[in-house]
Amino acid sequence: MRSKFAFLMHPRNTVRSDMGLLLGAPFALVPDRVYLEAFRRFPVKPVLTGRMTYRDTPAETTGLIYTVPFTPDQLLGLPRQKVRARINLALDMARDAGATVIGLGALTAPVCNGGKALVERDDIGITNGNAYTAAMTLQGIERLLLRLPSDPLVAFVGASGSVGSCLSKLYARKHGGRVLLVARNRGRLEKLAGEIARDDLEVTVSTEMDDVREADLIVLLTSATEALLRSEHLKHGAVVLDDTVPRNTDIRLLAERPDVTIVDGGLVEIPGVDLKGTIGLPPNLAYACLAETMLLALEGHTGHFAIGNASVDQALRMLELAEKHREHGFNLAPFRSFGRLLDTGSAETSDAEGEGARSWAA
């Protein structure tokens, strides 16, 4: 039986533009500094900013989107107790509105230690969305591999995190070749490398971003608030799959490095779902972490799901649910770069979608 779900998101550091989209044009006139000070000093409550319905039951609200009033810098920089108190308030509001499963979007997951800080709550089910994110990112990688040179080096940046560790294991199950695991903690990296290495899979580890300069494909999976990947980190013709929210690539890279292709990761098509409000994406698209929450609700899941590091079994379970509920979509979306559709020169891009699309080689 279907259940009602909720999903938590937050503004970007450019608060005024997001607040204008979420709450109406007049809110875009308020300077960023006013929002930042208000979020920091006052107990501003989370706001219901979106409602979702399935097209086969359009009169029934089945999903709620709540915006937690902190920017990325504030989520990671303010005292954890204060941040988590506001996230818990959003969970309370969602529960009282009838939601039984709640997804932690963007940085609301890492500031709660992947949901571990909320695991004692037994009044609602929580998921960090990282299992389905890992599964869909693997599908994106496999689509990109078709366009890369033979024997490419694939670098996973943030490899030891919740998505990264699951993705690395999924990748190693299906692919050989060469991979580079990059993160801050060498001990965790070496442990992960030992778990996935095979005779036909060469695994190296690094704690330095400079080492991704040798990679043909770079997959970004970190929880930073700023752009970590810069021009000097990229070899000629490299492809970047940015699976981060907020993103770890800067749009200026398009001008600085026209030889490099940057792809927005973790996007899922949901043509069977309507959204009243905005999540910063075109219609009929969702982030994979939101799609995970939707799939659990469609299945009537109870209790917590992905908490801490996502597991391979959880990722495979999400693929099973996506197939079961495919009447609503849940397919990997055509590639975009900074929100603009990439013209891949294939059936991935429809004629309508292809209008104004960036060239794959741009």
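The values are calculated or read from the model by the stated rules, or taken from the named source; none is laboratory data. Note that the structure is predicted; figures quoted are calculated from it, not measured. Because the Cβ atoms are built from the backbone with ideal geometry, glycine has one as well, and the counts that use them run over all protein chains shown. With ligands, DNA and RNA removed, areas are computed over all heavy atoms of the protein, side chains included. Shrake-Rupley method; radii C 1.70, N 1.55, O 1.52, S 1.80 Å.
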**Asked** What residue, of R247, R173, R178, is of a type outside the set (A, V, I, L, M, F, W, C), open to solvent by 40 Å² or more (accessible area, probe 1.4 Å) and under 24 Å from L319 (Cα atoms)?
**Response** R173
**Request:** Kindly provide the set of residues from the range 1-14 that are open to solvent by 40 Å² or more (accessible area, probe 1.4 Å) and touching a residue at least 24 places away in the same chain (Cβ under 8 Å), ordered by number.
**Result:** M1, R2, K4, R12, N13
**Message:** Can you report the number of residues in the range 180-215 which are among the hydrophobic types (A, V, I, L, M, F, W, C), closer than 22 Å to V260 by Cα and touching a helix residue (DSSP H, G or I) at 6+ places or on another chain (Cβ under 7 Å)?
**Reply:** 5
**Where a residue in the range 83-98 is free of Cβ contacts under 8 Å to residues at least 40 places away in the same chain and open to solvent by less than 60 Å² (accessible area, probe 1.4 Å) and its partner, wherever it lies, is assigned to a helix (DSSP H, G or I) and among the hydroxyl-bearing types (S, T, Y), with Cβ under 9 Å and at least six apart** = V83/T108
**Item:** Members of the range 131-147 that are among the hydrophobic types (A, V, I, L, M, F, W, C), touching a residue at least 12 places away in the same chain (Cβ under 8 Å) and open to solvent by 10 Å² or more (accessible area, probe 1.4 Å)
**Value:** L138, L145
**Prompt:** If we only count strands (runs of 3 or more DSSP E) wholly inside the range 194-295, which ones have 3 or more residues that are over 16 Å from the mean Cα position of the chain (by Cα)?
**Reply:** 201-206, 273-277
**Request:** Just name the residue that is surrounded by the most Cβ atoms within 10 Å (Cβ to Cβ) out of those in the range 215-233 that are free of Cβ contacts under 8 Å to residues at least 24 places away in the same chain and within 19 Å of L153 (Cβ to Cβ).
**Result:** R230
**Item:** Residue count, the range 120-169 (criterion: of a type in the set (G, A, S) and more than 14 Å from the chain's Cα centre (by Cα))
**Value:** 7
**Prompt:** Do any residues in the range 148-165 that are surrounded by 24 or more Cβ atoms within 10 Å (Cβ to Cβ) have Cβ atoms under 7 Å from those of residues that are of a type in the set (F, W, Y), where the two are at least six apart or on different chains, and which pairs are they?
**Reply:** G164/F156
**Message:** Give all pairs with beta carbons closer than 7 Å in which a residue from the range 201-214 that is closer than 16 Å to K169 by Cβ meets a residue that is among the β-branched types (V, I, T) and crowded, with 18+ Cβ neighbours inside 10 Å; count only pairs at least 6 apart in sequence or on separate chains.
**Reply:** L201/V179; V203/V179; V203/I196
**Selection count where residues are among the hydrophobic types (A, V, I, L, M, F, W, C) and either more than 17 Å from L170 (Cβ to Cβ) or at pLDDT below 95 (or both), scope the range 307-329** = 1
**Message:** Consider the range 10-19. How many of its residues are touching a Leu at 6+ places or on another chain (Cβ under 8 Å) and either over 18 Å from T108 (Cα atoms) or of a type outside the set (V, I, T) (or both)?
**Reply:** 3
**Message:** When you scan the range 27-36, do you find a residue that is within 23 Å of the chain's Cα centre (by Cα) and either under 24 Å from R247 (Cβ atoms) or not charged (D, E, K, R) (or both), even just one?
**Reply:** no
**Request:** Considering only residues that are among the β-branched types (V, I, T) and under 10 Å from A6 (Cβ atoms), look in the range 99-108 and name the one that is surrounded by the fewest Cβ atoms within 10 Å (Cβ to Cβ).
**Result:** T100
**Item:** Candidate set: the range 15-53, residues that are open to solvent by 70 Å² or more (accessible area, probe 1.4 Å) and touching a helix residue (DSSP H, G or I) at 6+ places or on another chain (Cβ under 7 Å); chosen: the one farthest from L281 (Cα to Cα)
**Value:** R40
**Message:** Yes or no: the range 116-130 includes at least one residue that is surrounded by fewer than 24 Cβ atoms within 10 Å (Cβ to Cβ), out of contact with any Leu (no Cβ under 8 Å at 6 or more places or on another chain) and part of a helix (DSSP H, G or I).
**Reply:** yes
**Candidate set from the range 296-317 (those that are hydrophobic (A, V, I, L, M, F, W, C) and more than 18 Å from the chain's Cα centre (by Cα)); member that is surrounded by the most Cβ atoms within 10 Å (Cβ to Cβ)** = A297
**Fill in**
Among residues of the range 70-82 being open to solvent by 10 Å² or more (accessible area, probe 1.4 Å) and in contact with a helix residue (DSSP H, G or I) (Cβ under 8 Å, 6 or more places away or on another chain), the residue farthest from K4 (Cα to Cα) is L78
**Message:** Here is a list: V83, V101, V154. Which entry is in contact with a Phe, Trp or Tyr (Cβ under 8 Å, 6 or more places away or on another chain) and under 30 Å from G176 (Cβ atoms)?
**Reply:** V154
